[in-house]
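In what follows, a structure is listed as structure tokens, so that the remarks can point back to it.
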Amino acid sequence: MEAAGDPRTFLALLIAFIFAITIHEASHAFVADRLGDTTARFRGRLTLNPMSHLDVVGSLMLVAIGFGWGKAVPVNPINLRGDLRRGMAIVAAAGPAANLLSAVVFGLLLRAAVANATDPEYWHLLLNTLVQVNMVLAIFNLIPIPPLDGFTLLLAFVDSNTAQRLRFYSRQIMMVFFGILAVAYFLRQNLLESLLFPPAGYIYRLILGV
């Protein structure tokens, strides 16, 4: 809502979102490719071009509600070298890891104060937004609910029978989770904010030393 009334804030949010989504999805594609699956490469996803990773609906939702998503990178687990679940977990972890690393890098730049910038106030706003968006995207994707990366990571740490049952009920799990979020939203309770902001705030303070 703040961004809607301030073009500078909206521009910073837009830049941060495009960067965070692009680096997240490109990292999935790069790691999958390195592990032997060339599906993303053949689909044109092994690139840092944002147009290859942005989702139309996800981008519109960013404008509408301040949160959106990108196009999922196609991965064929059969092509991955080694253990299938381990390979998929590594690919899944690549996206959030890239966002957390980006948050650290932008945080270090922010701590440097960008003293020689032409517009230090806006650069401070932009870097701060880049830190926050990358952190929130990383933490959100680590929630162990399908189709998020955290669910794929969860499957790698449970036994085969449990993993099979979780996959079988993945659609129902997803519908229940997002249904709860939707009901809470209409009741003016932002559960997603309650889930994401405490860990994001802790990491933010660690990065910036505040």
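Go through the stretch 1-95 and tell me which helices (runs of 4 or more DSSP H), entirely inside it, have 3 or more residues that are modelled with pLDDT of 95 or more. Steps first, please.
On the way: elements: 7-34, 39-42, 56-65.
Per the criteria, 7-34.
Out of A182, A98, A163, one residue alone is small (G, A, S) and crowded, with 17+ Cβ neighbours inside 10 Å. It is A98.
Filter the stretch 141-173 for residues that are in contact with a helix residue (DSSP H, G or I) (Cβ under 6 Å, 6 or more places away or on another chain) and part of a helix (DSSP H, G or I); which is nearest to L208 (Cα to Cα)? So, considering only residues that are in contact with a helix residue (DSSP H, G or I) (Cβ under 6 Å, 6 or more places away or on another chain) and part of a helix (DSSP H, G or I), the one nearest to L208 (Cα to Cα) is N141.
Test M135 against the stated conditions and say whether it is modelled with pLDDT of 90 or more, more than 25 Å from R8 (Cβ to Cβ) and of a type outside the set (K, R). When the stated conditions are applied, M135 does not pass them. Among the residues of the stretch 174-192, the one identified as assigned to a loop (DSSP other than H, G, I, E, B) and either of a type in the set (D, E, K, R) or within 15 Å of P144 (Cβ to Cβ) (or both) is R188.
None of N190, N134, N141 is closer than 26 Å to P7 by Cα, surrounded by 12 or more Cβ atoms within 10 Å (Cβ to Cβ) and in contact (Cβ under 8 Å) with a residue 12 or more places away in the chain except N134.
The values are calculated or read from the model by the stated rules, or taken from the named source; none is laboratory data. Source: prediction; values computed, not measured. Please note: Cβ atoms are built from the backbone with ideal geometry, for glycine as well, and neighbour counts cover all protein chains shown.
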